[in-house]
1. To the nearest 10 square angstrom, what accessible area does Ser614 show with a 1.4 Å probe?
2. If one computes the Cα centroid of the stretch 118-163 and of the stretch 223-249, what distance in Å separates the two points?
3. Counting only protein heavy atoms and using a 1.4 Å probe, what share of the accessible area of the chain belongs to carbon plus sulfur, as a whole percent?
4. Which peptide among 598-606, 499-507 comes first, and what is the full order, when sorted by highest mean count of other Cβ atoms within 10 Å?
5. Dividing the alpha-carbon radius of gyration of the stretch 239-354 by 2.2 N^0.38 Å (N being the number of residues), what value is obtained?
6. For His99, what is the net charge nearby, where nearby means another residue's Cβ is under 15 Å from its Cβ and Lys, Arg count +1, Asp, Glu -1?
7. Stokes-Einstein D for the chain at 25 °C, 0.890 mPa s, Kirkwood Rh over Cα pairs, in µm²/s?
8. Once the other residues with Cβ under 15 Å from the Cβ of Lys112 are scored (Lys, Arg +1; Asp, Glu -1), what is the net sum?
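The values are calculated or read from the model by the stated rules, or taken from the named source; none is laboratory data. The model shown is predicted, which means the values in this text are computed figures rather than measured ones. In this analysis, Cβ positions are derived from the backbone assuming ideal geometry, glycine residues included, and neighbour counts consider all displayed protein chains. Please note that ligands, DNA and RNA were not included when accessible areas were found on the heavy atoms of the full protein model with its side chains. Shrake-Rupley method; radii C 1.70, N 1.55, O 1.52, S 1.80 Å.
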Amino acid sequence: MLMDILPVFLPLIGFLVAFLFGRQLGDKGAQFITCALMLAAAGLSCWLMSDIFFSGNARQIHLGSWIRVEPLNIDWALRLDQLSVVMIWVVNVISACVHIYSVGYMSHDPHKARFMAYLSLFTFAMLMLVSADNLVQLFFGWEGVGLASYLLIGFWTHKDTANAAAVKAFVVNRIGDFGLTLAILLCFVVFGSVSFSTIFELAPDKAAQTFLFFGYEVHALTVIALLLFMGAIGKSAQLGLHTWLPDAMEGPTPVSALIHAATMVTAGVFLVARFSPVFEYAPAALEVVCILGALTAVVAATIGLTQFDIKRVIAYSTMSQLGYMFFALGVSAYGAAMFHLVTHAFFKALLFLGAGSVIHALSDEQDMRKMGGVWRAIPLTYAFMWIGSLALAGIPLFSGYYSKDMILEAAFADHSAFGAFAYWAGIAAAFMTAFYSWRLILMTFHGTPRADEKVMAHLHESPMIMHIPLAVLACGAVAAGALLYAPFVGGHGHMLWGESLLVLPGNDTIEAAHHVPHWVKYLPTGIALAGILLAVLFYTGKRRAPEIVSDLLGPLYTFVYRKYYFDELYRKIFVRGAERLGRAFYLKGDKATIDGAGPDGTAEISRRIGAAFSRFQSGFVYHYAFIMMIGLLGLLSWILYGMVS
């Protein structure tokens, strides 16, 4: 049992030690403790992966009683099945790499111990989320991830942009979390429990259940699934609640890699996959998931074409790849979505940390227009960025090729209008992904140096402690796809998921994907190569193609560059109204009414009475005699009134 729970609780121990005793341990002590515990957790996760996923020894670990308020009974337990152990393995391995990388990247920061503590806290919250055995426990981890992300995104408190980004991420995620809260309540109403085992066991019996909602009869499982998906939209930055993701790049680069590559943003994917026994009986909800995922993949890719901040380009590629995962879920290809989640974790963390190495070498410069011509000075970073970009573009033999192509083939094999839409949207996104990936490579590393002489004079490769995690991630970006293809999605191998995923007969798009026409399999690779070729034509030599195209597109280019004006639209519709309402409550409600009738009003009355009586403190005897006479008359009047009555 101890070996089962240590991978989950070792990061918590690291957080408590670094946070409570950071000053006594010193920066190096806190870094050593947190990194050592994360490496131990990652090693134990590999053992869990072997024992549970490959050997099928799924189990539940009861930790204790938690809530006893009849009829609500909740235990604190770990659900260690194939789905959760894959997430535990990914989270711990990526987090261990990020912890070690942070030792070098944050070497000049004065608050290293606190930063390492926050990284471990975030990791523990994510582990609690994925290992939860009931919805309330999952919600604890879900909100813990939100809190830790707020602390990490706004870690550099001296930057106003980082503080604003942290608040934005926290608030936008609360919108999605409201849907998840309603889903938990509705699950308890429909199933009489929040335990996963009970919900999944009763889901077939509740497949036809309806209830009245504002006078309309609605399908219970569809509403539950849509509310769960609402929570996933916020946490996984899907179209509509995605605006926090690019702004979160204001945090330190290790935060970008940890939160936006393998952990926080994939929580929504995990949630939908975990509730596959509910979504399978809510086909309308699956269609919504499929459509929104496909739209997200395309919209994010178009924005990524126009951005110049190296981290924001990678952030929008994250949003686009999450769209792939969701439309895979929407066509019941849960195994394919989880497969892409794993491969994406490796190559996206590699890209983010590689970008951090570039930023470190260029004295904190992030604008690609001020880079170029540096590949000879930082050859290791250059090689790692190539590997990550090849995997992201889906080039054969790299991990992204196996997982992304499986998603596209499963969407085509769904043989539905929604699946066809997702397939062609995915093809378009694949072309744009390859284009902006090589746009990033060429603008960052090739051409004439555009940084100033002072920056170029200090240009240097990152320290070895930052390259070791990059090497580990690069191995995953190269080999994870080929190694995990068979057990995750190959042939009947996806049955290794056991009972952790449910696919109804007739919905097995992964099995059907192996029998699609050959052109469906080859088209994504051809499209990716075409995107790379076009980027080379646009961004090599002295060609002015990018400027010419942007001038020709005019307002359309501006529309995409300004991110479809989502931020401006939300500010006009929601933020300004909320600010006016808050100002009105503050001025009219708080200050004028509550304070006016309460402490401020009472104080003002007391001040006026005191001011009136102070006039009699003149120093003249007749004034004091007059006051004494008035007081005596008042006292006698009160006594006489009492005697008469």
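1. So the heavy atoms of Ser614 present about 60 Å² to solvent.
2. So the two Cα centres are separated by 15 Å.
3. Values: 18770 of 27210 Å².
Looking at the chain in its full context, I get 69 percent from C and S.
4. Packing proxy ranking, top to bottom: 499-507, 598-606.
5. Ratio of Cα Rg to 2.2 N^0.38 Å: 1.04.
6. Surrounding charge for His99 is +1.
7. This corresponds to a translational diffusion coefficient of 92 µm²/s.
8. Working: positive: Arg23, Lys28, Arg114; negative: Asp27, Asp109.
Value of the local net charge: +1.
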